[in-house]
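The values are calculated or read from the model by the stated rules, or taken from the named source; none is laboratory data. Computed from a predicted structure; not experimentally measured. Counting neighbours? That spans all protein chains shown, and the Cβs are built from the backbone with ideal geometry, glycine included. Protein only, heavy atoms only, side chains kept; ligands, DNA and RNA dropped before computing areas. Shrake-Rupley method; radii C 1.70, N 1.55, O 1.52, S 1.80 Å.
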Amino acid sequence: MHPPAPTLHELQRSLRDSLLHHAGDPACAHVIADGIDPAQRLGIYRHTIESTLARALRLSFPAVRHLVGPEFFDGAARLFAAESPPHHAGLDQFGAGFPQFLANLPQAAALPYLADLARLEWQVDLVLHAREAAPLAVERLAHQDESALAAWRFEAHPAARLLWCEFPADAIWRALLERDDAALAAIDLADAPVGLLVHRSGGGIAACSVDIVRLDACAWRLTSALFSGLPLHAALEQAPCPDAHAVLAGHLAHGHFADTCCARPMFAP
Amino acid sequence: MKPPLAGPPDTPGAIPAQAGIGLRFRHHEVVVQAHPAVSWFEVHTENYMGGGAAPAYLDAIRRDYPVSLHGVGLSLGSAEGIDAAHLARVRLAVERFAPGLVSEHLSWSATGTTYLADLLPLPMTEEALSVVCRHVDQVQSCLRRRILIENPSTYLRFRHSTIPEWDFLAEVARRTGCGLLCDVNNIYVSASNHGWDGLAYLRALPPAAVGEIHLAGHSVRQLDQGRTLRIDDHGSRVAAPVWALYRAALQHFGAVPALIEWDTEVPPLSVLMEEAASADAALEELRHAPARAHAA
């Protein structure tokens, strides 16, 4: 006895339940068997979805995968995809929740630095895919008078991001990607915490490499204040640095700020 | 109302009635550096949205080659409507890359807030036909151009389907003025899986609507009790019976651009160019064959 014909909406919901959660019976009832179990037919689509999502996570988290091994990684990816399926077609946000998922995974508890490594890889991914933008050139600031400069609000370049890690995730990341077992073994996990600036270097078709630099405590506080949009004078008050000038000059030289047409508020105080 | 065709054939960027190649990331550098003798390239639209190296490569490649944008993410068959933000991103990509062709699939992927990362089968019903046509209209209106809709490869059929798939496609084209992307490998795979006649499928498609042909490899999956299904995995050379179906397609549709798709275990560009050469040879044969009337 076959069920009545579903609406398209009903059918799509029951297929989703089958493909994500193996809750197959309602969906199977709508499928013609023709000599093959409908569950097997649906399984072909489920396998493609799982493979596609696992591949997306592999591309975004290569160091994590190398650290935990392909079997563990693919198993974690499958669990994550079932728990937090993607919300849109570009898949470019799909991995955002994976670091926290790993942090909560009981099977990963033996690797306390795993979540930090994953968070770092996610920032790398974001930075690699960030939109192009003209970097703020020091010449723009050179033409400003003192009060205009003091009121200047900086904006982080879309391909420059900050990440605070409790573990030396940058050293771990580098050693894993370079397959340098000696370097990995030599890492002191107590060489932490670290404040990292993740930045895509180059542009156009050379825009495929990432720099990760450690900021000392002072530079971290100042950079965070600048990236948050505080006017320069307020950022310097909030995060006084003996070498503030060098920190700022370094960011400008490396293109860490975006060139915005209105870096100052329209109406100066 | 039918939207205008996307440019006359001699516009720079128009896709010629020759074989093209599906461009993958691993080919970017060699295409930019070596400028191989390929007539045109097609990419998956979703891989070239946003920023970074990939769209920058496509900018460079587009300066020297016509490009076609083939989307997988619009989910034209979703009962709840298409994602406006995604459509906006597609439009940005179309504006940035000025493609000679824009295409999508007869399938669905999104329901509720979930995106299911595959091209899922639609029931062939009046309701689904109405939904797809509404969305094709919406997309063509937003992009201000005709799009092509590709026939799917499918591994199941629904009990409550009432319209043959080939008639469904023909009707979408008739109601919306969209074109069709005839994937000959998909016809072969689906026909094999469901006991259809591939030639009859081809002949049911309106020739004037067909704007592109896809060619790809497939594999055979063993299931329980000795049953098999053909799987459209784009991971190998085009199979001999698919080449035969392609030649029949050219007889029926006339010369249209033909694309070599290879998405997994992707070989060096030279292998894809060999496949493209085979497709071009069939197009040449067609041009030199005695004139014959196309089936109406």
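Looking at the structure I just gave you, is residue A:39 crowded, with 17+ Cβ neighbours inside 10 Å and not in a loop (DSSP other than H, G, I, E, B)? If you could, list the steps in order and put the result at the bottom.
On the way: crowded, with 17+ Cβ neighbours inside 10 Å: no; not in a loop (DSSP other than H, G, I, E, B): yes.
For residue A:39, the condition - crowded, with 17+ Cβ neighbours inside 10 Å and not in a loop (DSSP other than H, G, I, E, B) - is not met.
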Only one of (1) among the charged types (D, E, K, R); (2) within 19 Å of residue A:53 (Cα to Cα); (3) touching a Cys at 6+ places or on another chain (Cβ under 9 Å) fails for residue A:92. Which number is that? (3)
Residue B:226, sole failed condition from (1) open to solvent by 10 Å² or more (accessible area, probe 1.4 Å); (2) under 30 Å from residue A:30 (Cα atoms); (3) at pLDDT 95 or above: (3)
Condition first: of a type in the set (S, T, N, Q) and within 12 Å of chain B (Cβ to nearest Cβ). Now tell me which residues in segment A:54-109 satisfy that. A:84, A:93
Any pair with Cβ under 8 angstrom, 6 or more apart, that starts in segment A:240-251 at a residue that is over 18 Å from residue A:135 (Cα atoms) and ends at one that is open to solvent by 60 Å² or more (accessible area, probe 1.4 Å): A:241/A:221; A:244/A:236
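Name the residues in segment A:141-184 that are of a type in the set (Phe, Trp, Tyr), open to solvent by 20 Å² or more (accessible area, probe 1.4 Å) and out of contact with any Gly (no Cβ under 6 Å at 6 or more places or on another chain), would you? If you could, list the steps in order and put the result at the bottom.
The initial filter retains those residues of segment A:141-184 that are of a type in the set (Phe, Trp, Tyr), namely A:152, A:154, A:164, A:167, A:173.
This time we only want the ones that are open to solvent by 20 Å² or more (accessible area, probe 1.4 Å), so: A:164, A:167, A:173.
Passing the criteria: A:167, A:173.
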Which of the residues spanning segment A:189-200 are open to solvent by 20 Å² or more (accessible area, probe 1.4 Å) and either among the charged types (D, E, K, R) or free of Cβ contacts under 8 Å to residues at least 40 places away in the same chain (or both)? A:190, A:191, A:192, A:193
Need the failing condition index for residue B:111 against (1) of a type in the set (Ser, Thr, Tyr); (2) more than 12 Å from residue B:176 (Cβ to Cβ); (3) open to solvent by 10 Å² or more (accessible area, probe 1.4 Å), just the number. (3)
Can you pull out every residue in segment B:174-192 that is surrounded by fewer than 22 Cβ atoms within 10 Å (Cβ to Cβ) and in a helix (DSSP H, G or I)? B:174, B:175, B:191, B:192
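Strands (runs of 3 or more DSSP E) wholly in segment B:63-137 with at least 2 residues that are of a type in the set (A, V, I, L, M, F, W, C), within 19 Å of residue A:91 (Cβ to Cβ) and without any contact (Cβ under 8 Å) to a residue 60 or more places away in the chain - which ones? Before you say what the answer is, go through the steps one by one.
Values: elements: B:67-70, B:101-105, B:108-111, B:114-120.
Strands (runs of 3 or more DSSP E) meeting the threshold: B:108-111, B:114-120.
Table: residues versus (1) over 24 Å from residue B:51 (Cα atoms); (2) part of a helix (DSSP H, G or I).
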{"residue": "A:140", "(1), (2)": "yes, yes"}
{"residue": "A:148", "(1), (2)": "yes, yes"}
{"residue": "A:158", "(1), (2)": "no, no"}
{"residue": "A:161", "(1), (2)": "no, no"}
{"residue": "A:172", "(1), (2)": "yes, yes"}
{"residue": "A:176", "(1), (2)": "yes, yes"}
{"residue": "A:185", "(1), (2)": "yes, yes"}
{"residue": "A:188", "(1), (2)": "yes, no"}
Here's a check for you: in segment A:8-36, which residue that is of a type outside the set (A, V, I, L, M, F, W, C) and facing another protein chain (nearest Cβ under 7 Å) is surrounded by the most Cβ atoms within 10 Å (Cβ to Cβ)? A:12
In this structure, is residue A:134 outside the structural domain of residue A:61 (by TED's automatic domain parsing), over 30 Å from residue A:79 (Cα atoms), touching a strand residue (DSSP E or B) at 6+ places or on another chain (Cβ under 9 Å) and in contact (Cβ under 8 Å) with a residue 12 or more places away in the chain? yes
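Could you tell me how many of the residues in segment B:123-136 are closer than 18 Å to residue B:83 by Cα and either surrounded by fewer than 20 Cβ atoms within 10 Å (Cβ to Cβ) or within 19 Å of the chain's Cα centre (by Cα) (or both)? Show your work before the answer.
Let us first name the residues in segment B:123-136 that are closer than 18 Å to residue B:83 by Cα, namely B:128, B:130-136.
When the remaining residues are screened for being either surrounded by fewer than 20 Cβ atoms within 10 Å (Cβ to Cβ) or within 19 Å of the chain's Cα centre (by Cα) (or both), the result is B:130, B:132-136.
Residues that pass the stated criteria total 6.
Results for (1) modelled with pLDDT of 95 or more; (2) surrounded by fewer than 17 Cβ atoms within 10 Å (Cβ to Cβ); (3) closer than 19 Å to residue B:105 by Cα, shown as yes or no for each residue.
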| residue | (1), (2), (3) |
| --- | --- |
| B:1 | no, yes, no |
| B:12 | no, yes, no |
| B:31 | yes, no, no |
| B:34 | yes, yes, no |
| B:48 | yes, no, yes |
| B:53 | no, no, no |
Can you pull out the residues in segment B:146-163 that are part of a loop (DSSP other than H, G, I, E, B), within 14 Å of chain A (Cβ to nearest Cβ) and either open to solvent by less than 40 Å² (accessible area, probe 1.4 Å) or closer than 22 Å to residue B:103 by Cβ (or both)? B:152, B:153, B:154, B:155, B:156, B:160, B:163
Members of segment B:46-86 found to be in contact with an Asp or Glu (Cβ under 6 Å, 6 or more places away or on another chain), over 30 Å from residue A:6 (Cα atoms) and not small (Gly, Ala, Ser), listed by number: B:70
